[in-house]
Amino acid sequence: MSEWNGRSSQMEEGYWRALLQEGEFAASAGKAPLQGVEVLEGLAQDRIPSDGRTAPPDDVWEAAQEIFENNGTLELEATGYNRGGLLVTWRGLQGFVPASHLIGFSPWLSEEERRAELARRVGQRLTLRIIELDPARWRFVLSERITTEEIRRREALLAEITPGEVREGIVTNLTSFGAFVDLGGVEGLIHISELSWGRVEHPRDVLKRGQRVRVYVLNVDRERERIGLSLKRLLPDPWETVEERYHPGQLVEGVITNVVSFGAFARLEEGLEGLIHISELAEGTFLHPRNVVREGERVTARVLSVSRAERRIALSLRQVDKPDGWWAQE
C-alpha cells in the first residue's frame, strides 16, 4: 500500500496513549469499559486489536485517504467516548474525535463534568473532517470544529461577496477550461476566456497552483455556490485604444501565434492579434500558409485596416516592401 502522510494536528505517541488511559466507554449506558490502552497500543504497533477486531482492508484506508485529500466530510454517529474525546466508526474503521475538536466543548470543565458532557454526546450525529490518517498505527482522527468553522466562513463569504469587487485568492487547480481560485473558503472559477485579453492555450500558461492572485468578481450564484472570476478585467483592454496606436500603412513587428488554412495570426502586443490573410502572405502560389510562415516566427507586417468595433486588424506580409509613400498614394 502506498505511503500515507498525516497533515495537520499530528499527535505525539505519548499524548495519544494518555487520551485512552482510562478506557473506552460504549454507547449503551452502564456497559463496562473496553480496555482502551491495550486496544490502541496494539493498533499503534500494527497488531490485531485485543478485542478481536480485524484490520480494515486496504480499500477502506484508500477511500479514507481520498476523502482526506479532497477535504471531504463524513456524517458519523458518536458510538462511545473516553477521557480524550468521542469515538466514531466508519466502514469498520474506528475513529477518534478529540474533545478540543468538538464544537461548544469547554476546556474548563471538571473531570466529572467532562465525562458527563462526552457521555451526553454519544449517539449524536456529527459532521466531521479527517485531520490525521495513519494506517500503520490505525490512526483515524477527525474534527468537528474545523468543518463547522469552514461552513460558517463559506456562508459568510457567499453572503457578502458581490459582482464588481476585487478579491485576493490562491490558485487551487488548473483545468483545460479555466482556473479555480480559493477566495478564503469558497472557490471561484476564472474561465479560460477571462484569463487574458489575448489567446490562451491552457491556463497553466498564465497561472500556476499555489499562486496568489487578485481577481475581479464577475458574477455570484449563491444558490449554486458558484462565483465567476476574471483576471483580464483588472488589465486595460488593448482594443479600446487600438485605433490610437495603429493605422493603415503602418509597419509593425509581430510574432506568429497560429497558422491556419486561411492565413496566419500575429501577436502585436499582449491581447492584440492581427490576421494575415492567405492572399497577403506572399506573392505567387503555395500549398499552405505553413510554407510561408511558422508559429513563433517574428515578422514585419503592414497594417491594412484597423477596427476597434469588430476587434480586428488586417495585416500583410506581401506589401511590406512597397516603396515609402506608396500607401498614401493608393
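Which of the strands (runs of 3 or more DSSP E) found entirely inside the range 257-310 contain at least 1 residues meeting this: touching a residue at least 12 places away in the same chain (Cβ under 8 Å), under 36 Å from the mean Cα position of the chain (by Cα) and closer than 28 Å to Pro236 by Cβ?
263-269, 272-277
Tally the residues that are modelled with pLDDT under 90 and either in the same structural domain as Val88 (by TED's automatic domain parsing) or more than 16 Å from Leu234 (Cβ to Cβ) (or both), restricting the search to the range 181-202.
So the count comes out to 7.
Got at least one residue in the range 227-247 being touching a Leu at 6+ places or on another chain (Cβ under 9 Å), at pLDDT 95 or above, in a loop (DSSP other than H, G, I, E, B) and within 27 Å of Pro203 (Cβ to Cβ)?
Yes, the range 227-247 contains a residue that is touching a Leu at 6+ places or on another chain (Cβ under 9 Å), at pLDDT 95 or above, in a loop (DSSP other than H, G, I, E, B) and within 27 Å of Pro203 (Cβ to Cβ).
Restricting attention to the range 226-240, which residues are within 15 Å of the chain's Cα centre (by Cα) and either touching a residue at least 40 places away in the same chain (Cβ under 8 Å) or surrounded by fewer than 12 Cβ atoms within 10 Å (Cβ to Cβ) (or both)?
Ile227, Gly228, Leu229
Name the single residue, out of those in the range 298-321 being touching a Lys or Arg at 6+ places or on another chain (Cβ under 6 Å) and among the polar types (S, T, N, Q), that is farthest from Phe262 (Cα to Cα).
Gln319
Just to confirm my filter: which strands (runs of 3 or more DSSP E) fall fully inside the range 60-175 and include at least 2 residues that are touching a residue at least 40 places away in the same chain (Cβ under 8 Å) and in contact with a Cys (Cβ under 7 Å, 6 or more places away or on another chain)?
Filter on the range 60-175 gives an empty set.
The values are calculated or read from the model by the stated rules, or taken from the named source; none is laboratory data. This one's a predicted model, so the numbers in the text were calculated from it and none came from an experiment. Methodologically, a virtual Cβ is constructed for each residue, glycine included, from the backbone with ideal geometry; neighbour enumeration extends over all protein chains shown.
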